[in-house]
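Heads up: the structure comes next, in structure tokens.
The values are calculated or read from the model by the stated rules, or taken from the named source; none is laboratory data. Keep in mind it's a predicted model, so treat the numbers as computed, not measured. Cβ: placed from backbone, ideal geometry, glycine included. Neighbour counts: every protein chain shown.
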Amino acid sequence: MGRLALTGGGKMIADERRLRSRWKTANMDEALREYTGAKFVQMTNSGTGALISCLLAAGIGPGDEVITVAYTWTATVGAILRVNAVPVFADIDPQTLTIDVADVRRKITPQTKAILPVDFYGHPAPIPELMAVAHEHHLFVIEDACQASTAEIDGQKVGSIADMTAFSFSGKPIYTTYGGGGAYLTNDRKLFERGLLGGQHPTLIAGVAQDPDVLKYASMGGTGDNFRNVPNDGMMQLLDADARTNARIANCDYLTSQLEDVPGITTPYVRPGYKHVYHYYTCLWDPDVHDVSRDRFCEALNAEGLFVVAYLKDANYRFTPDSKPIAAGGPIHLRTIFRERNLYGKGCPFQCPHVKNPPVYAKGDLPVSEAMADREFCIGQPDLSPPCDDRDMRVIVDTITKVIDNIDELR
Ligand SMILES: Cc1ncc(COP(=O)(O)O)c(C=O)c1O
């Protein structure tokens, strides 16, 4: 067997073998770097963990304002609350359902530290415009691309465009079969290293970071949270993420070609140069055209066996067909936490001594978000992605057509 490796002999286990068998997540870091073009990637336990890491990396905390949307999944805003910062909501563009840049400009104050746009339903937010606004006002742009990890703007993958980007891998365009995981991505080494303090293992921080201001907190694992990834098969799914996304886009394009002239329905808009990856296929319903409410229309589709949800509000809002529907509550600013403004029972983070102007959140604040939440209905990725093909899309179209043809029965 020869001498010990420690005293100059050969190794029993080659480095490549150890890498392959043990450090699967490190391989995915590398693969995501290559896939997106981002210089630095850190795998996390979830998209929420990734968002919190980004906010901490940007140094955001009590009294700081983060401009985001209320038209999103709860975790976007939950991450801001988790670092004790103040969410300030901008309205959305009625076509793309992503943040309205003009409203972002109106919401900037001396307390604003970051803009946190969301690539909602898989359509990228206007990141290049937001980067320009951020540059003018010395703000960070943290992109919540949790629903859009394969999307592009002008041929560039999301993940390499904003200052920092968060991905989720639970049932998203890039996914893991265990149903969890996330990552944050950036081109900035300093932000990458500071994000590690959000909840990576002390030894990983010590192994990766170079900045003495980061390394001095390594032994505590930073803030004491645990956002560590677990080994998973995301790497395998990444290999065919583009093929799967493109097949889903082809299915959705077919739906649009068949539904765009149906009275009462507005099919999804795709901004030129933007790659919408359809985490959901989201249409708008006009209740006046047939004198039938959106919720009644959704009820009829669901009775036919087509699983549609009004993601932001009520009609049939449930995670899976067999879970129990709940009232989702509308855009985030209308939910209980924002009425009470009393997280932890002590007023933080809305009304703590660091907050210059305690925010008030009210119905009517975000007219477009509120109106769209009453009109949208969504079909989820599982019914749009391979192996579903145009035969399945035909069934969706026929089901919607059947309900429209018999709309009189719903009045
Ligand atoms: C827009 C958005 N942001 C953040 C998240 C959080 O991701 P995760 O569930 O992996 O924590 C999600 C998850 O659905 C999401 O849709």
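Tell me which residues, restricted to the stretch 339-358, are outside any loop (DSSP other than H, G, I, E, B) and in contact with a helix residue (DSSP H, G or I) (Cβ under 7 Å, 6 or more places away or on another chain).
Residue satisfying the conditions is Leu343 alone.
Go over the candidates Ile80, Ile52, Ile142 one by one and state the one that is closer than 17 Å to Ile332 by Cα and under 14 Å from the mean Cα position of the chain (by Cα).
Ile80
Counting only residues that are more than 16 Å from the ligand (Cβ to nearest atom) and not aromatic (Phe, Trp, Tyr), how many does the stretch 169-199 have?
10
Which ones in the stretch 209-230 are surrounded by fewer than 17 Cβ atoms within 10 Å (Cβ to Cβ) and either in contact (Cβ under 8 Å) with a residue 60 or more places away in the chain or of a type in the set (Lys, Arg) (or both)?
Listed by number, the residues that qualify are Lys216, Thr223, Asn226, Arg228, Val230.
Name the residue, out of Ile80, Ile92, that is outside the structural domain of Arg318 (by TED's automatic domain parsing) and more than 12 Å from the ligand (Cβ to nearest atom).
Ile92
For the stretch 173-190, give me the residue count where each residue is crowded, with 21+ Cβ neighbours inside 10 Å and either hydrophobic (A, V, I, L, M, F, W, C) or modelled with pLDDT of 90 or more (or both).
So the count comes out to 8.
Kindly list, by first and then second residue, each pair from a residue in the stretch 129-148 that is more than 25 Å from Phe169 (Cα to Cα) and part of a loop (DSSP other than H, G, I, E, B) to a residue that is more than 16 Å from the ligand (Cβ to nearest atom) and not basic (Lys, Arg), limited to pairs with Cβ atoms under 8 Å and residues at least 6 apart or on different chains.
Hits for this filter: Leu139/Ile108; Leu139/Thr112; Leu139/Val133.
Name the one entry in Gln237, Gln258 that is in contact with a Phe, Trp or Tyr (Cβ under 7 Å, 6 or more places away or on another chain) and surrounded by 14 or more Cβ atoms within 10 Å (Cβ to Cβ).
Gln237
Name the residue, out of Asp144, Asp163, that is within 19 Å of Glu65 (Cα to Cα) and near the ligand (Cβ under 10 Å from one of its atoms).
Asp144
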